[in-house]
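Data block below; observations after.
What follows draws every value from the coordinates through simple rules; no lab data is involved. Everything numeric here is computed off the predicted structure, so don't read it as measured data. Please note: Cβ atoms are built from the backbone with ideal geometry, for glycine as well, and neighbour counts cover all protein chains shown.
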Amino acid sequence: MKKENNISTQFARQIIIAGGGTGGHIFPAIAIANAIKAEAPATDILFVGAKGKMEMEKVPQAGYEIEGLDIAGFNRSSLIKNIFLPFKLLKSFFQVRSIFNRFTPDAAIGVGGYSSFPVLKYAQNKGIPTFIHESNSFAGKSNMMLAKNATRVFTATEGMEKFFPAQKIQVTGNPVRQVIERMEVSKQEAVHFFKLDPLKKIVLSIGGSLGAQSINEAIANNIEDFEKNNLQLIWQTGKSFKEKAIAIATGHKNIYVSDFIMQMEYAYTAADIVISRSGAMAIAELCLAKKPVVFVPYPFAAEDHQTANAKTLVDKNAALLVTNKDALEKLVPTIISLSNDDTKQQAMKEKIGEEAKRHADIEIAKTVLTILNKN
């Protein structure tokens, strides 16, 4: 009888995936979970997130169970709000202990966000294999603290030895949702989904899963310029700006407003030009989507890594950059100028497409399962 070597035929495992806070953490985590289930369908996966954060909504929508921790991150804008942080962290460890007693995981995977630290730290204290995914070119402090005792550290980019033990690093790129990797939606379907005109160019504005104030204000203050220049707009606003955007867009058939777009494969396919923050996951998706993009980096990200991310592409003529402080004045004029230059758009498409990395989720899933099956 032929011996089976597929990972899927090996032992059924229980795996916790911890982290969240933003789409940049949540959707890679879901992509990893889906890849693990594809490789080993019997695997039982439980997510752990922070109560009140978007993972508590998005993870169940993806078909996975999630447990919430009473935890919050360090508040840089109001130090007084950090008084109870040590108590919340301590409480979260008790909650993690209870989760581990019920679920008994064989491994824990951390993708960043408040909840990843207590989960992975507890797992390490119990001798359970832990895996870290670091999506940015500047590592988060929690991941740096956890890396010493981690089984493997998956990174998006080369040169992360300054943050993590070199022997534990595996460069995989960033996991991207399979629907975005495949992009099987037609342009006609995508434009129809947003009820827009297929004969006019479409600008997609995605200021991150939580929205971006500077991008939203720039669009709001120059909303008439889109119609004047024969442009349509798909506007992902985030929850806090949604009502204002709806009021502004009323009467404008060329504008589609949503606080959050779940079907991003439709949005990317419909778009001719994209406005975006330059977080690691946004960049990974845009490289795969091969769209001309104007980045507005979030200036308060750790080590200003969003600006560094964007400049990597700008220096290769693969993207444009407008600073956060200049967005109100320069963003919409930059978009209009680019929309009128088809040659530049095509060149940017080709350049940004050269930076795409595929199948990070599958590589991570196979590595985790292979290591567990050796134990």
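Legend: Rg and Dmax of the range 180-353, from Cα coordinates, 14.6, 42 Å.
One chain, two ends: Gln213 and Glu354. Fully extended at 0.36 nm per residue, the span grows by 47.7 nm beyond their Cα-Cα distance. Near Tyr298, the amide H atoms lying under 5 Å from its own belong to Ser278; only residues 5 or more places off or on other chains count, and H is placed 1.01 Å from N.
Once the Cβ-Cβ distance between Asp197 and Gln170 is put in as r, and R0 is 35 Å, what FRET efficiency do you end up with, to the nearest 0.05? About 0.15, to the nearest 0.05.
With the dipole of the chain worked out from charges on the C-beta (+1 for Lys and Arg, -1 for Asp and Glu) around the Cα centre, which of Asn324, Gly24, Ile223 lies farthest toward the positive end? Working it through, the farthest residue towards the positive pole turns out to be Gly24. Count Lys and Arg as plus one, Asp and Glu as minus one, and take only other residues whose Cβ is under 11 Å from that of Arg182; the net charge is then -1. Please work out the C-alpha center-to-center distance from the range 155-188 to the range 234-303 and express it in whole Å. Each part reduced to its Cα centre gives a spacing of 21 Å. Residues of the range 94-119 with the amide nitrogen closer than 20 Å to a label point 7 Å from the Cα of Lys141, along Cα-to-Cβ, please. Of the residues in the range 94-119, 110-119 have backbone N under 20 Å from the label point off Lys141.
Placing R0 at 22 angstrom, the Cβ-Cβ distance between Val314 and Ser186 gives a FRET efficiency of 0.10 after rounding to 0.05.
If the chain linking Asn375 and Thr323 were pulled fully straight, counting 0.36 nm for each residue of separation and taking away their Cα-Cα distance, it would gain 13.8 nm.
Based on Cα contacts under 8 Å between residues 6+ apart, the range 264-374 shows a relative contact order of 27 percent. 3J(HN,Hα) couplings calculated from phi for the range 262-271 with the Karplus curve 6.51 cos²θ - 1.76 cosθ + 1.60 (θ = phi - 60°) are, in sequence order, 6, 8, 5, 5, 6, 5, 5, 5, 5, 6 Hz; Gly and Pro show x. A simple charge model with +1 on the Cβ of Lys and Arg, -1 on the Cβ of Asp and Glu and nothing else charged puts the dipole of the chain at about 1000 debye relative to its Cα centre. Remark: relative contact order (the chain) = 16 percent; criterion is Cα-Cα distance under 8 angstrom and separation of 6 or more residues. Convex hull volume per residue, computed on the Cα atoms of the chain, equals 149 Å³.
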